[in-house]
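**Q** Below you will find the structure I want to go over with you.
The values are calculated or read from the model by the stated rules, or taken from the named source; none is laboratory data. These numbers were taken from a predicted model, which means no experiment stands behind them. Every residue, glycine among them, receives a Cβ derived from its backbone with ideal geometry; neighbour counts consider all protein chains shown. Areas reflect the complete protein model, heavy atoms only, side chains present, ligands, DNA and RNA absent. Shrake-Rupley method; radii C 1.70, N 1.55, O 1.52, S 1.80 Å.
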Amino acid sequence: MARITIVEDDSMMREELMDILQKEGFEVRAIADFHDIVVQIATSAPDLVLLDINLPEQSGFEICKSLKLKGMGPILILTSRDKLQDELHGLHLGADDYLTKPCNRDRLLARIQNLLRRFEGQLGLIDGGSFSLDPNTFTLYKGSQSLSLSANEGKILLALVQNKPEVVSKSTLSDLLWGTDQYIDENALQVNLTRLRKTLRQLNLESQIETIRGKGYRLRG
């Protein structure tokens, strides 16, 4: 079932939303620590974010903008602010829907299901442990930092993340990069792994890839 992250500072409202969504079968995470909210959300890689605007550390508008810059979606703003200018501002920042509180339970669920259908098939951020990876653009995120990987680097890292902690064989990686499971050349694959490790070094992540002699590679953790 879809994963939903709730960002709401009112504890009673947060508990009520969790109860509603869990009863519908959603996997729910509620954020109660409002430091580094964007990092927390990106790390959990939800299918949908339910976002309040009036938050103690950072405005929901700023959070929405930061999440959209990371390519995340969908985002449903749920707030008591019912002015048209607030709604338009949120939508202009990239919010995918906007509802005001108090909100009818069935209306909320209908909007959530609609957004999930709209975004179905679009892969969200994938959790790599100490980083997140956008499989659509091969953009890697660690905390407030990000970097873009080349197509080959992205394919290799995505395979390692999706199969963690299992070893990904050299033949599997050859098939991903060159369209054949026949192991082409030791140097060709090694060059691509070396480039990936060099790129990851920019975020101190080069040690995440472990070489398993005679078998292939895997992601640590």
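**Q** Name the residues in region 104-120 that are in a loop (DSSP other than H, G, I, E, B) and loosely packed, with under 15 Cβ neighbours inside 10 Å, would you? Outline the logic, then answer.
**A** Of all residues in region 104-120, those in a loop (DSSP other than H, G, I, E, B) come to 104, 119-120.
Those that are in a loop (DSSP other than H, G, I, E, B) and loosely packed, with under 15 Cβ neighbours inside 10 Å: Asn104, Glu120.
**Q** Looking for whichever is at positive phi and open to solvent by 80 Å² or more (accessible area, probe 1.4 Å) here; the options are Asn204, Asn187. Which one fits? Steps first, answer last, please.
**A** On the way: Asn187 fails: at positive phi.
Just one listed residue meets the conditions, Asn204.
**Q** Moving to a separate point now. Restricting attention to region 91-102, does a residue exist that is crowded, with 16+ Cβ neighbours inside 10 Å and either of a type in the set (Lys, Arg) or out of contact with any helix residue (DSSP H, G or I) (no Cβ under 7 Å at 6 or more places or on another chain) (or both)?
**A** As a first pass, look at region 91-102 and keep what is crowded, with 16+ Cβ neighbours inside 10 Å: 93-99.
Filter once more, so that each one left must be either of a type in the set (Lys, Arg) or out of contact with any helix residue (DSSP H, G or I) (no Cβ under 7 Å at 6 or more places or on another chain) (or both): none.
Looking through region 91-102, none of the residues is crowded, with 16+ Cβ neighbours inside 10 Å and either of a type in the set (Lys, Arg) or out of contact with any helix residue (DSSP H, G or I) (no Cβ under 7 Å at 6 or more places or on another chain) (or both).
**Q** Output the residues belonging to region 122-141 that are modelled with pLDDT of 80 or more, open to solvent by less than 60 Å² (accessible area, probe 1.4 Å), within 11 Å of Lys70 (Cα to Cα) and not hydrophobic (A, V, I, L, M, F, W, C).
**A** Ser132, Asp134, Thr139, Tyr141
**Q** Report yes if Leu17 is within 20 Å of the chain's Cα centre (by Cα), closer than 25 Å to Glu87 by Cα and at pLDDT 95 or above, otherwise no. Give the derivation first.
**A** Working: within 20 Å of the chain's Cα centre (by Cα): no; closer than 25 Å to Glu87 by Cα: yes; at pLDDT 95 or above: yes.
Criteria not met by Leu17.
**Q** Further question on the same structure: What number goes with the only condition from (1) in contact with a His (Cβ under 8 Å, 6 or more places away or on another chain); (2) under 17 Å from Leu99 (Cβ atoms) that Leu78 does not pass?
**A** (1)
**Q** Tell me, which strands (runs of 3 or more DSSP E) wholly within region 125-221 include 2 or more residues that are more than 21 Å from the chain's Cα centre (by Cα)? Please lay out each step first, then the result.
**A** On the way: elements: 132-134, 139-142, 145-148, 209-212, 216-219.
By residue number, 209-212, 216-219.
**Q** What are the pairs with Cβ atoms under 8 angstrom where one residue, in region 25-45, is touching a residue at least 60 places away in the same chain (Cβ under 8 Å) and on the phi > 0 side of the Ramachandran plot and the other, located anywhere, is open to solvent by less than 20 Å² (accessible area, probe 1.4 Å) and aliphatic (A, V, I, L, M)? Sequence gap at least six, or different chains.
**A** What qualifies is Ala45/Leu125.
**Q** Condition (residue is among the aliphatic types (A, V, I, L, M), free of Cβ contacts under 8 Å to residues at least 60 places away in the same chain and closer than 24 Å to Arg14 by Cα) applied to region 128-136: is it met by at least one residue? Steps first, please.
**A** Filtering region 128-136 down to residues among the aliphatic types (A, V, I, L, M) leaves 133.
Going one step further and asking which of them are free of Cβ contacts under 8 Å to residues at least 60 places away in the same chain, we end up with 133.
Applying the additional criterion that residues be closer than 24 Å to Arg14 by Cα yields none.
No - not one qualifying residue is present in region 128-136.
**Q** Restricting the first residue to region 57-71 and requiring it to be more than 14 Å from Leu91 (Cα to Cα), which pairs with a second residue that is of a type in the set (S, T, N, Q) and open to solvent by 60 Å² or more (accessible area, probe 1.4 Å) meet a Cβ separation below 7 Å and a spacing of at least six or different chains?
**A** Between residues of region 57-71 that are more than 14 Å from Leu91 (Cα to Cα) and residues that are of a type in the set (S, T, N, Q) and open to solvent by 60 Å² or more (accessible area, probe 1.4 Å), the close pairs are Gly71/Asn136; Gly71/Thr137.
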